[in-house]
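Single-structure report; data block below.
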Amino acid sequence: MNSKKTLLILAGGLGSRYKGLKQVDGILDNGSPILEYSIYDALEAGFSKVVIIVNQLIPKSYINRLNAISEAKGFELHWVYQEMNSIPIQDFDYSERRKPWGTGHAVLCAKEMVQEPFVMINADDFYGKEAYELASQEIDLQHISDSQLGMAAYPVSTTLSGNGTVARGICTRDAENYLVKVEEQTSIQRINNSIIYIENGENIKLDPETLVSMNFFIFHPHIFCYLEAYFYDFIESDPLANQEFYIPSAVQRMMNENRVKVKVKTSPSRWMGVTYADDKKEIIDFLTSEIKNNRYPADLWS
């Protein structure tokens, strides 16, 4: 069975370490940013609808570009702006708030646009063709439901940057490969032949095959009910002006409350990202090689 599937792309972040609007930064001479490679891979894997969460800094010229691609290639495309007041909060004082509420809030902004199982990704991460094929199969086999979600995770050794530390969610699984917890570590790096992070002033070693979450989730639309309730709980907790409502935290709460289980699948694809501007050269070299190996056309949409 080929089910309707949506790709939900989070493209509203500001990318402070990258020092630019990397969501729409073209990688090769074809002008396609990473998110277009994600769309291309998802379409090939059987997805037919794309929803992109953006902020007001996204150039109108880029929106026009992708709208034209959508019309030419025949896939459904929707844009959703993530604003501080996208989800109504009665009598809330926004005067101290400078930006929206994080990834959990971003996904919740898509509630009215998504009624089918969907994959959630970051706009600036390259996840690889096979990850979308895996997700498509999980949805078509009806493994994704209101009580079971999915995640494609990656070995930590394949997700590092040579240009600085990275933040990754370290996954703990049970014997049946269901997620137990995701523990965020913000200082992961390779030093000599070891992968370490710093905790309480000490260097902690990680096995290179340790799986980490790169925000590739396979969701059922029923999660919007939980996200909405959890978001209002977050607001009721009187968060700090810069505090955010994150998807991994919301998923952890769903698991803790026995509302869902999350099946962890090791992605067969290579992950690549551009945390720092200097990371761009590596992905340019990688995509150039992929084109030479006929994995992508030189112009994605020709």
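The values are calculated or read from the model by the stated rules, or taken from the named source; none is laboratory data. Note that this is a predicted model, so its numbers are computed, not measured. Ideal geometry is used to build each Cβ from the backbone, glycine not excepted, and the neighbour counts take in all protein chains shown.
Structure data summary
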item: Enumeration of residues in segment 119-163 that are farther than 17 Å from THR186 by Cα, hydroxyl-bearing (Ser, Thr, Tyr) and in contact with a helix residue (DSSP H, G or I) (Cβ under 9 Å, 6 or more places away or on another chain); result: TYR127, TYR132, SER136
item: The lone exception for PHE245 - which of (1) surrounded by 20 or more Cβ atoms within 10 Å (Cβ to Cβ); (2) touching a Gly at 6+ places or on another chain (Cβ under 8 Å); (3) in a helix (DSSP H, G or I) it fails; result: (3)
item: Index of the failed condition, MET84 passing every other in (1) touching an Asp or Glu at 6+ places or on another chain (Cβ under 9 Å); (2) modelled with pLDDT under 95; result: (1)
item: Any hit, segment 172-189, residues being buried (at least 17 other Cβ atoms within 10 Å of the Cβ), touching a strand residue (DSSP E or B) at 6+ places or on another chain (Cβ under 6 Å) and polar (S, T, N, Q); result: yes
item: Candidate set: segment 263-294, residues that are part of a loop (DSSP other than H, G, I, E, B) and under 22 Å from the mean Cα position of the chain (by Cα); chosen: the one surrounded by the fewest Cβ atoms within 10 Å (Cβ to Cβ); result: PRO268
item: Residue selected from segment 72-123 under the condition among the aromatic types (Phe, Trp, Tyr) and buried (at least 16 other Cβ atoms within 10 Å of the Cβ), by the criterion nearest to the chain's Cα centre (by Cα); result: PHE118
item: Residue among GLU183, GLU112 that is of a type outside the set (Val, Ile, Thr), part of a strand (DSSP E or B) and without any contact (Cβ under 8 Å) to a residue 60 or more places away in the chain; result: GLU183
item: Residue list for segment 36-90, filter: among the small types (Gly, Ala, Ser) and assigned to a helix (DSSP H, G or I); result: SER38, ALA42, SER61, ALA68, SER70, ALA72
item: Exclusive hit being outside any loop (DSSP other than H, G, I, E, B), surrounded by fewer than 18 Cβ atoms within 10 Å (Cβ to Cβ) and not hydrophobic (A, V, I, L, M, F, W, C), set TYR232, TYR226; result: TYR232
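Residues checked against (1) assigned to a strand (DSSP E or B); (2) modelled with pLDDT under 95:
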{"residue": "ARG97", "(1), (2)": "no, yes"}
{"residue": "TRP101", "(1), (2)": "no, yes"}
{"residue": "VAL119", "(1), (2)": "yes, no"}
{"residue": "GLU133", "(1), (2)": "no, no"}
{"residue": "SER136", "(1), (2)": "no, no"}
{"residue": "GLY150", "(1), (2)": "yes, no"}
{"residue": "TYR154", "(1), (2)": "yes, no"}
{"residue": "LEU160", "(1), (2)": "no, yes"}
